[in-house]
Every structure is written in C-alpha cells, then in structure tokens.
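Student: Just passing along the structure, written as structure tokens.
Laboratory data are not the source of any read-out in this text; all were calculated from the coordinates shown. It should be emphasised that the depicted structure is a prediction, and the values quoted were computed from it without experimental measurement. Backbone-built Cβ (ideal geometry, glycine too); neighbour counts: all protein chains shown.
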Amino acid sequence: MTVQEEFSRIFQVRKIPTDGLTATLVATPEECVALARRMGVLACENVRAELTLAKSDQDRRVDATGRLTANVVQACVVTLEPVSESIDEPLELLFLEESLIENVPDAEITVEDLLDDAPIPDPIVRGYFDIGAVIAEHLALALDPYPRRADAIFNAPETPDDEPKRANPFAALRVLQGGGSVDTDGNET
C-alpha cells in the first residue's frame, strides 16, 4: 500500500548539479485544500518553499536549506471562529541514502542527538527523495497548537449553589500526618 502525499515533489539526486540547485515549490489550490484537510484546519493557502539543494558524499546525501511560507486559517480554541496565521519558517532538511539511515542502530542514538538542532534525516530511496512530503510535515509542525482570537474570552461555567460540595481527596492524608480531622463527608474540620 502506498500513501498518496498531498504535496509531493520528487527529486532525483543524480539530476542535482554538483554546484547545487535552487528550487521554488508552490502548492496548487487543490494541494492546499488537501493539506488543509490533512492538518484539520479551515484553510491553507499560498504554501511556498524557497530552497537551495546541495548533494555530497557520492550522491548519498542531499542538504536543503531555505524558507517555508503559508497562510493558514484555524478555528479559535475558545470561540471556534476563524483565526488567520502566517507561517514563515526556516527550513534545514537532510536526505540520506536509506542504507545509511538503516545502518544506524537505535542504541547509538542518544537524547542529545534528538535534542540537537541538526535535522533528522529523511530517506533517499533508489536515488529519489520526496521533498514536498517533508515540507508538508514541517508546515503541520509550524501551526499554532492553540489558535486563539485576540478578543476571545473564556467564561467557565458556573457551578450551581445547590450542587453538593465535593470532598477534598487529600484531607485524609492531612489527618494521617497529624493535622486536623475529617467529617463523615470527607471534608476537613
């Protein structure tokens, strides 16, 4: 089973010139709709990546640097009204021949490696890599996880006065530590 990427841009390593390649990747309106659906946002527009690609290590490595820009509309976490957001993120991508990635035992990867600013490599499979799919992932990660309108106010529901008071679950611990007592409802006295 193959996964259909919403924003697929496949490059062949051997077709990248030795002095590098500058590429501009722009999502079509249909791809923007598919990306919005994938990310669960109201709209996604003007997705664009400006990149410089450089290959090395006998065509076994490709480094890509540049910028990702997009306009996204999400639902406010308080009011569910639309919230617009402009994405402008630097990109630093790394593609390695998949045999280089597979030959690194998990035991050799440390927490410091994961926290380092170095990009996590994506695979080059039989000389090809999909840079668009990786850009789509970076776009999803750049979204505000809690979009909120500036004027949104959250009003917590009020608890009715006739609702019984809930017992303090830690009151019994305080008694055991020698402080106070607890009534039959579990409340401190």
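Student: How far apart, in nm, are the 7 Å Cα→Cβ label points at residue 101 and residue 14?
Tutor: According to this spin-label approximation, the distance is 2.1 nm.
Student: Tell me which residues come under 5 Å, amide H to amide H, from residue 20 once H is placed; ignore anything under 5 positions away on its chain.
Tutor: 55
Student: Exposure proxy check: 94, 80, 176 ranked by fewest other beta carbons within 10 Å? Walk me through the numbers before you get to the answer.
Tutor: Details: 94 16, 80 12, 176 9.
In increasing order of surrounding Cβ atoms, one gets 176, 80, 94.
Student: Determine ³J(HN,Hα), in whole Hz, for all residues of the range 64-72 in sequence, where each value follows from phi through the Karplus function 6.51 cos²θ - 1.76 cosθ + 1.60 and θ = phi - 60°; x replaces Gly and Pro.
Tutor: 10, 10, x, 9, 10, 10, 6, 10, 10
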